[in-house]
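Here is the structure we will look at, set down as structure tokens.
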Amino acid sequence: MSIAEHVTAVREQIAAACQRANRLPDAVTLIAVSKTHPAPLLLEAAASGIRHFGENRVEEAGKIHAVAQHYPALTWHMIGHVQSRKARDVIDQFSVIHSLDSLKLAERYSRLAVESGRTPHFLLQMNVSGEASKEGFEASQWQTDNTQCQALWQAVRQIIALPGLHIGGLMTIAPVVSDSEAARPVFAALRRLRDALAADFPASDWTSLSMGMTDDYPVAIEEGATLVRVGRAIFGARDAIDSIDRRVR
Ligand SMILES: *Cc1c(COP(=O)(O)O)cnc(C)c1O
């Protein structure tokens, strides 16, 4: 199948999941995760109507330039963990950053945003599954573990007070499971956490829920995802380089 056919198939799945959940299909934004793939494939996806691309390494951002020459109005999402020293490049190249996973990084982004006048949107990455290998704020026990809850709320309170940072919601990566239903509790947990933060910090924007990948995005949509990050279902399998990423998952 061509990329265009893949995109059509994914959009049909999104529409079907929205219908099951009584949601409007345009409540969900499809992000084509193009990491490891060369610019010509991104152009093909853009020609098929993709307007949002996700990359996980700032080193691959050279593609952005190549693709933007033909499609200047695309939105670029940083979905991978960012080291502090690369934050400046990330803020320059990406308009949505899904992987804000520490107060330290938030402080750095805040300084850079104020300096540069750039105003990307940030999502707070949450480790709701409790897997040790996951990046993100510890958020697997916030409903039962008072210490974890207080630490998390304190971090959020400090982050939303930083100048220049537009927080837009939460992101999570579900564990790899053979049956996508097994990921449902993780997605439901992210939504519950979002609802709790929205209740306690109503002055901030908590609209976005970035959750769901090739193996589980229909379930994530049923649980309220507003952004799904889909790679393989659009571009096909990635080669071994990808092991970097699978290992973290
Ligand atoms: C690679 C990646 C995806 C896409 O994964 P697929 O299984 O190819 O859909 C989504 N989110 C993150 C954070 C990723 O690193």
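Nothing in this text is a laboratory measurement; each read-out follows from the coordinates by a stated rule. In this text the structure is predicted, and so the values were computed from the model without any measurement. Cβ placement follows ideal geometry from the backbone for every residue including glycine, while neighbour counts extend to all protein chains displayed.
On the stretch given as segment 72-93, residues that are within 16 Å of the ligand (Cβ to nearest atom) and either assigned to a strand (DSSP E or B) or in contact with a strand residue (DSSP E or B) (Cβ under 9 Å, 6 or more places away or on another chain) (or both) total 9.
This table checks each residue for (1) touching a Leu at 6+ places or on another chain (Cβ under 8 Å); (2) within 16 Å of the ligand (Cβ to nearest atom).
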| site | (1), (2) |
| --- | --- |
| 194 | yes, no |
| 199 | no, no |
| 206 | yes, no |
| 211 | yes, yes |
| 216 | no, yes |
| 229 | no, yes |
| 232 | no, yes |
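Could you check, for segment 215-231, whether at least one of its residues is surrounded by fewer than 14 Cβ atoms within 10 Å (Cβ to Cβ), part of a helix (DSSP H, G or I) and touching a residue at least 40 places away in the same chain (Cβ under 8 Å)?
Within segment 215-231, the subset surrounded by fewer than 14 Cβ atoms within 10 Å (Cβ to Cβ) is none.
No: segment 215-231 contains no residue that is surrounded by fewer than 14 Cβ atoms within 10 Å (Cβ to Cβ), part of a helix (DSSP H, G or I) and touching a residue at least 40 places away in the same chain (Cβ under 8 Å).
The number of residues in segment 26-70 being within 16 Å of the ligand (Cβ to nearest atom) and assigned to a helix (DSSP H, G or I) comes to 8. Just wondering, is there one or more residues in segment 197-206 that are within 20 Å of the chain's Cα centre (by Cα) and among the acidic types (Asp, Glu)? Checked segment 197-206: at least one residue is within 20 Å of the chain's Cα centre (by Cα) and among the acidic types (Asp, Glu).
Under the condition of being of a type outside the set (A, V, I, L, M) and not in a loop (DSSP other than H, G, I, E, B), the residues counted in segment 203-214 number 2.
Would you pick out the residues in segment 164-202 that are closer than 13 Å to residue 121 by Cα and assigned to a loop (DSSP other than H, G, I, E, B)? Of everything in segment 164-202, those that are closer than 13 Å to residue 121 by Cα and assigned to a loop (DSSP other than H, G, I, E, B) turn out to be 164, 165.
Within segment 122-134, residues that are more than 14 Å from residue 182 (Cα to Cα) reach partners that are of a type in the set (Lys, Arg) with beta carbons closer than 8 Å, at six or more positions or on different chains, in the pairs 127/134; 133/247; 133/249; 134/249.
Restricting 158, 141, 125 to those that are part of a strand (DSSP E or B) and polar (S, T, N, Q) reduces the list to 125.
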